[in-house]
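Below is one structure, written out as structure tokens; the observations come after it.
The values are calculated or read from the model by the stated rules, or taken from the named source; none is laboratory data. Just so it is clear, the model here is predicted, and its values are computed rather than measured. We place every Cβ from the backbone using ideal geometry, glycine too, and count neighbours over all the protein chains shown.
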């Protein structure tokens, strides 16, 4: 795992010193991603420079240093990630006579591209990666991102000048560059808590899409193509479902997952696993133990101050599996101390508050190992989110009611004052009605008139009405999966799973883990996102995902082989923090400063509307924690990087 950066600028042709100075500045800005070494290589005649920060995982010797040049001198690479099947790729007939300089996967990628071409190499690669490849013969720069979007890569194309990097910090490191905030990205961020790809928070800076190759020639002409498409995989899977018995499906998934975990355990440095005690992380930990590579280290954090604590479940699973388990109890103060650092760690506004415990468990883990396997991807692939069940129930019932009646009912609910809901909640027997009745009633009123698309959008929105806070700003287009991506027979569940896998997974979950782990130079690997597992999951009939209300049905059957059901079965819990209480308590003064009328940017916010949300939240009448957190994360980010912004 590493950090990459670089530029292609014909205006700096033959200016080696200037080229390399810019590339080095970009690289130094992301030194946390690679504390074990750095390198810069330039092609002055073309105005190109590649930079690299190294976190040594495979081949710790100088033979694995980057940027790396192919034996024939044509190709140069700067690469971030891991290829788990490098040993198998080495056995390709075309590579039989290669004199390998070491044992790094970088060497394998480079020589495979040199002898077999980029397309064949990408088709064979199993791993997570973002890389820049310079073809010295054709003077073409190729930027490539892994199939599922595990590793990040940003780029800016302005005329003939191209900049690229693992993080936006590298762009901010160039003194002669200033950037404009993209207003549509602000609006989308307030809805989702992340900026959806291919956009970024900066106008003119794009995110490479998962499974994409973006190429630039010497004149700055751009071509884009997908070497692997999740949409195509999903469509083919839905159209050609496997006819398997329960036992056959379980055996097939088990064997494939075991192989994926075994491949991802390759490492020349200490390795462990995140273990929350839930289904996904427990499956990964169990298969690591079953691989028989020696003692397995697992890590979890407990947070009793947060009102819920899964660490006891993680400890029970670890004891059953026999792992060497390390647990750290996190108190509220520990978590609060992370908040001021978030704009540095996440150099694009990011509103998923589970970023805090994710960073804390990464920090704990890095004190003992350099690589950690995670359970990310299980919910999207195997139907684990509660919203999947909720959306199906809601749409199944609401679709039977005429839309006009639903609109009238929604208007009636919205007209009821919060005080009336409070009276009803106090009068009802304890436990009969949900907590924060008024808040939930209004959310239900928003969903009532919706079609399936609207229900899903509301369920994935952290704030459903960004236009109220950002007048005049138009969100980036939102397209639900049903728009011809899947066959017409695809169920609502499949549509939601696809859209989550295309957006929420790469743009939120994976980026959260990447920034939180790389901030402490920890490599996180998600075996469930091995592309072979993804392809199998989409070929499985829906009954293997959710059956009789049980989510992740087949994945649970695999886990049954290793862990007793009673250690796992409990209501699904998020990995969040008590935002609502924090904003009314220990974070109140910090938030008040950022939300002050003199601080909020009127260019992006209706200051009065934001202040109204803040007042309502402080009073306890409404819970606007998620909406306010997004505003706070944007303002914290804007302050931190103000010197680079117009």
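Looking across segment 103-119, the residues that are within 24 Å of residue 60 (Cα to Cα) and assigned to a helix (DSSP H, G or I) come down to 105, 106, 107, 108, 109, 110, 111, 112, 113, 114.
Selection of segment 54-75 for residues being free of Cβ contacts under 8 Å to residues at least 60 places away in the same chain and assigned to a strand (DSSP E or B) yields 54, 68, 69.
If you go through segment 81-89 one residue at a time, do you hit one that is over 18 Å from residue 152 (Cα atoms), surrounded by fewer than 24 Cβ atoms within 10 Å (Cβ to Cβ) and at pLDDT below 95? The answer is no, given that none of the residues of segment 81-89 is over 18 Å from residue 152 (Cα atoms), surrounded by fewer than 24 Cβ atoms within 10 Å (Cβ to Cβ) and at pLDDT below 95. Within segment 243-264, restricting attention to residues that are farther than 28 Å from residue 58 by Cα and free of Cβ contacts under 8 Å to residues at least 60 places away in the same chain, the residue that is surrounded by the most Cβ atoms within 10 Å (Cβ to Cβ) is 251.
Residue 474 fulfils the conditions (1) within 26 Å of residue 187 (Cβ to Cβ); (2) crowded, with 16+ Cβ neighbours inside 10 Å; (3) modelled with pLDDT of 90 or more except for a single criterion, (2). Just one of the listed residues (78, 38, 27) is within 23 Å of residue 520 (Cβ to Cβ) and not in a strand (DSSP E or B), namely 27. Restricting segment 318-349 to residues that are under 16 Å from residue 591 (Cα atoms) and outside any helix (DSSP H, G or I), the residue that is farthest from the chain's Cα centre (by Cα) is 337. Of all residues in segment 364-399, those satisfying the criterion of being outside any loop (DSSP other than H, G, I, E, B) and within 18 Å of the chain's Cα centre (by Cα) are 371, 372, 373, 378, 379, 380, 381, 382. Here residue 566 passes the criteria (1) modelled with pLDDT of 95 or more; (2) surrounded by fewer than 17 Cβ atoms within 10 Å (Cβ to Cβ) except the one numbered (1).
Just one residue in the set 286, 291 is in contact with a helix residue (DSSP H, G or I) (Cβ under 8 Å, 6 or more places away or on another chain), within 26 Å of residue 82 (Cα to Cα) and surrounded by fewer than 17 Cβ atoms within 10 Å (Cβ to Cβ); that residue is 291. Does residue 206 meet the test of being assigned by TED's automatic domain parsing to the domain that holds residue 56 and either at pLDDT 95 or above or closer than 28 Å to residue 456 by Cβ (or both)? Against the criterion (assigned by TED's automatic domain parsing to the domain that holds residue 56 and either at pLDDT 95 or above or closer than 28 Å to residue 456 by Cβ (or both)), residue 206 qualifies. For segment 215-230, the count of residues that are under 24 Å from the mean Cα position of the chain (by Cα) and at positive phi is zero.
Note on segment 317-337: among residues that are surrounded by fewer than 19 Cβ atoms within 10 Å (Cβ to Cβ), out of contact with any strand residue (DSSP E or B) (no Cβ under 6 Å at 6 or more places or on another chain) and modelled with pLDDT under 95, the one that is nearest to residue 568 (Cα to Cα) is 331. From the list 146, 97, 135, 124, the lone residue that is buried (at least 23 other Cβ atoms within 10 Å of the Cβ) and either at pLDDT 95 or above or not assigned by TED's automatic domain parsing to the domain that holds residue 371 (or both) is 146.
Taking the criterion of being assigned to a loop (DSSP other than H, G, I, E, B) and farther than 12 Å from residue 5 by Cα, the residues of segment 140-173 that qualify are 146, 147, 148, 149, 150, 151, 159, 160. Give the residue, chosen from 78, 38, that is outside the structural domain of residue 521 (by TED's automatic domain parsing), without any contact (Cβ under 8 Å) to a residue 40 or more places away in the chain and within 27 Å of the chain's Cα centre (by Cα). So the residue among 78, 38 that is outside the structural domain of residue 521 (by TED's automatic domain parsing), without any contact (Cβ under 8 Å) to a residue 40 or more places away in the chain and within 27 Å of the chain's Cα centre (by Cα) is 38. What do you reckon, is residue 277 in a loop (DSSP other than H, G, I, E, B), assigned by TED's automatic domain parsing to the domain that holds residue 104 and touching a strand residue (DSSP E or B) at 6+ places or on another chain (Cβ under 8 Å)? Answer is no for this residue. Looking only at residues in segment 618-635 that are over 29 Å from the mean Cα position of the chain (by Cα) and touching a residue at least 24 places away in the same chain (Cβ under 8 Å), the one that is surrounded by the most Cβ atoms within 10 Å (Cβ to Cβ) is 622.
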